[in-house]
């Protein structure tokens with residue numbers, strides 16, 4: 001797993017215990033979604049270097065706080081930043 005150069009403030013979640021590793025992974029996910037707009041779990045997992053199930057868990061927790069959302073359609077599931085997630089990026 002590669003570490004991000006910066007920690008995104010939206011990577012800290014209020015509903016779960018925040019560990020440094022988890023915050024780093026969520027920061028990388030936010031960075032990937034910012035760069036590509038809509039990405040599959042498999043693509044994120046490949047870039048971050050974790051399993052798809054680990055990425056799904058992070059996305060689920062981030063989705064519960066309104067940072068990301070799942071776009072389902074035509075047999076494919078893609079993840080994107082919500083307005084709240086995009087706002088956090090614009091502030092950093």
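Since every read-out is calculated from the coordinates, none of them should be taken as a lab result. On a predicted model such as this, the values are computed, not experimentally measured, just so you know. Here Cβ is always computed from backbone atoms with ideal geometry, including for glycine, and neighbour counts include all displayed protein chains.
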Response to the item:
Scanning the range 2-11 for residues that are touching a helix residue (DSSP H, G or I) at 6+ places or on another chain (Cβ under 6 Å) and without any contact (Cβ under 8 Å) to a residue 60 or more places away in the chain gives 3, 4, 7, 11
Worksheet, complete the sentence: Considering residues that are assigned to a helix (DSSP H, G or I) and either under 10 Å from the mean Cα position of the chain (by Cα) or surrounded by 15 or more Cβ atoms within 10 Å (Cβ to Cβ) (or both), the number found within the range 53-68 is 10
Worksheet item: Within the range 23-40, can you find the residues that are in contact with a helix residue (DSSP H, G or I) (Cβ under 9 Å, 6 or more places away or on another chain), assigned to a helix (DSSP H, G or I) and within 15 Å of residue 81 (Cβ to Cβ)?
Response: 26, 27, 28, 29, 30, 31, 32, 33, 34, 36
Worksheet entry | Matching residues in the range 33-44 - criterion: being free of Cβ contacts under 8 Å to residues at least 40 places away in the same chain and crowded, with 18+ Cβ neighbours inside 10 Å | 41, 44
Worksheet item: Out of (1) more than 17 Å from residue 83 (Cα to Cα); (2) touching a residue at least 24 places away in the same chain (Cβ under 8 Å); (3) in a strand (DSSP E or B), the odd one out for residue 72 is which?
Response: (2)
